[in-house]
């Protein structure tokens, strides 16, 4: 149950922030958040990560949906005491659902965190990357019990 709670909180928080950005900024507008180091910049991304595959939003939504189902499937195959992997998958699912909602209801993903040297991203992207990092940690340092079955 905690798995779904984490995923829902991530997705709802992501959508709430994106709504605030869309309502209060114009596309391309930038506001300093932490000096010039981190800015809020409203970007509409019709592509995938790093704005790859621009204009393929319907296909990306379908891929996103499949990934969400795969994550849920893997969750049900996990041992119930594998909290780290469950948490990682919950972050991935929540982030995927947040970006999927954008693709379905806006036809683009709202990005807004701008660190200057990296493409603009959002909370859903952070959650997905955090989940992947936790999975990598688990696979690399999780112990001998992961040798035969990493998930």
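The values are calculated or read from the model by the stated rules, or taken from the named source; none is laboratory data. Everything quoted here is computed from the prediction, not taken from an experiment. A quick note on method: Cβ atoms are made from the backbone with ideal geometry, for glycine too, and the neighbour counts reach across all protein chains shown.
One table, with the values for the structure above:
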read-out	value
Residue tally, condition at pLDDT 80 or above and surrounded by fewer than 12 Cβ atoms within 10 Å (Cβ to Cβ), over the stretch 36-68	3
Test result for residue 75, within 29 Å of residue 24 (Cα to Cα) and touching a helix residue (DSSP H, G or I) at 6+ places or on another chain (Cβ under 9 Å)	no
Counted residues, the stretch 13-24 - those being out of contact with any helix residue (DSSP H, G or I) (no Cβ under 8 Å at 6 or more places or on another chain) and touching a residue at least 60 places away in the same chain (Cβ under 8 Å)	2
The stretch 85-137, subset in a loop (DSSP other than H, G, I, E, B) and touching a helix residue (DSSP H, G or I) at 6+ places or on another chain (Cβ under 6 Å), residue surrounded by the fewest Cβ atoms within 10 Å (Cβ to Cβ)	107
In the stretch 21-35, the residues that are loosely packed, with under 10 Cβ neighbours inside 10 Å and either modelled with pLDDT under 95 or assigned to a strand (DSSP E or B) (or both)	28, 34, 35
Failed criterion for residue 75 (all others in (1) within 25 Å of residue 137 (Cα to Cα); (2) modelled with pLDDT of 90 or more; (3) more than 15 Å from the chain's Cα centre (by Cα); (4) surrounded by fewer than 14 Cβ atoms within 10 Å (Cβ to Cβ) hold)	(4)
